[in-house]
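What follows draws every value from the coordinates through simple rules; no lab data is involved. Since this is a predicted model, take the numbers as computed values, not measurements. So basically every Cβ, Gly included, is an ideal-geometry build from the backbone, and we count neighbours across all protein chains shown.
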Amino acid sequence: MQYYPKSLKICTRYLVNFLIFFSIYSCAGDDSLRPESSSESTSYKTSESITVQRDSFKPSPADSMTLNASGEDVNDNQLPSSGPSIASAYKGDYIIGPEDLIEISVYQVEELNRTARVSSSGFIKLPLVGTIKVSGLTAVEVENEISNKLQQYLQEPVVSVFIKEYRSQSITVLGAVKSPQVYVVTRQKFLVDLISLAGGLTNDAGDICYVRRGNETIIVNINDLLVGGDMNLNVPVFSGDIIHVPSGGVIFVDGSVNAPGSFTMQGTITLTQAIAMAKGFRYEAIRDEIKVYRDSGKVTRDIIDVDYDAILDKKSPDILLKNKDVLIVPKSGVKGFWNGFVQSLTGAFRFGSNVSVGAGF
């Protein structure tokens, strides 16, 4: 009674081994999918899985958002279902592509362990599993795919997939960076990496960065990322992404201020901050009749009346200025007359003092 099950077990084992060796022999004859003996630099190799926690690189809702092609906000539960690439891209998982070299290990089945380079069409060929498409999948998704196909031969197979070599990826960096151009990288990169490769931000860079990925746009508050140190905003970037850092806006301050002129907006600027940038008011300034001329897209600009003293007394809110706003501080004729009169008296007094001193000698 004990001999029959033991014989059946031995026969089953021989049958599985035969299928494994037959599949290995079959794969060895396929030159297009045969692993290449890489002579490239091994500096990109890693012994750790590329899998990253789902929320590791998820931008906070307050500082970043995702827009679709029509400009509508796409939240985390509304990611496209057309494939894993876009959804995984937001979570930081590397997307396998053509020419990547991946290492596949099956626990306690050494005959199935191998290294395979993804073909130009995105496929690999494995013993027992056959040909599977891995392009567009993450390492975890490939593990699940292989494990599911091996379940008819092995009981609860444990599969591990590692990225040994990354394909070359072209990522474009434009806008207010010191070296805007197309950068070719050969491993997983993040937003800060590409900004650093581009030489950093210029002095007129704004505080918003756009990452364009297909029909999606990721908006990141660059000031919170680089200055505030919020690494949740350090989103991963992929081949074909376009990173655009627009220049900051410009405001104009004129009238009765000590240093009128144009000023670059670094982040958000309020009216009181703009007055401080213009070195404050002159003596004859009318502080409660300040006017802000705002471009509304029409022929004439919108006019906003502002009382500076009411803002200081917290009776009115300090308004936020927008790009191309023109701030005019009017001048009081009476104050200007008395200021000129006092200055003339001061000059005459000094002149008279000099004369009297000179006469003494």
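A few points about this structure:
- Gyration tensor over alpha-carbon atoms, segment 219-278, equivalent ellipsoid semi-axes in Å: 33, 13, 6
- Relative contact order (%) - criterion: Cα under 8 Å, at least six apart; region: segment 219-303: 18 percent
- FRET efficiency estimate (nearest 0.05) - Cβ-Cβ, V184 to K322, R0 30 angstrom: 0.20
- Amide H contacts under 5 Å for G248: A205, G206, restricted to partners 5 or more places along the chain or on a different chain, H placed in the peptide plane at 1.01 Å from N.
- Taking the centroid of alpha carbons for each part, segment 191-215 and segment 127-149 are 35 Å apart.
- Relative contact order (percent, whole number), segment 98-251, Cα cutoff 8 Å, 6+ residue spacing: 20 percent
- Prolate/oblate/rounded call for segment 169-245, Cα gyration tensor, a/c under 1.5 rounded: rounded
- Computed over segment 250-334, the quotient of the alpha carbon radius of gyration and 2.2 N^0.38 Å is 1.03.
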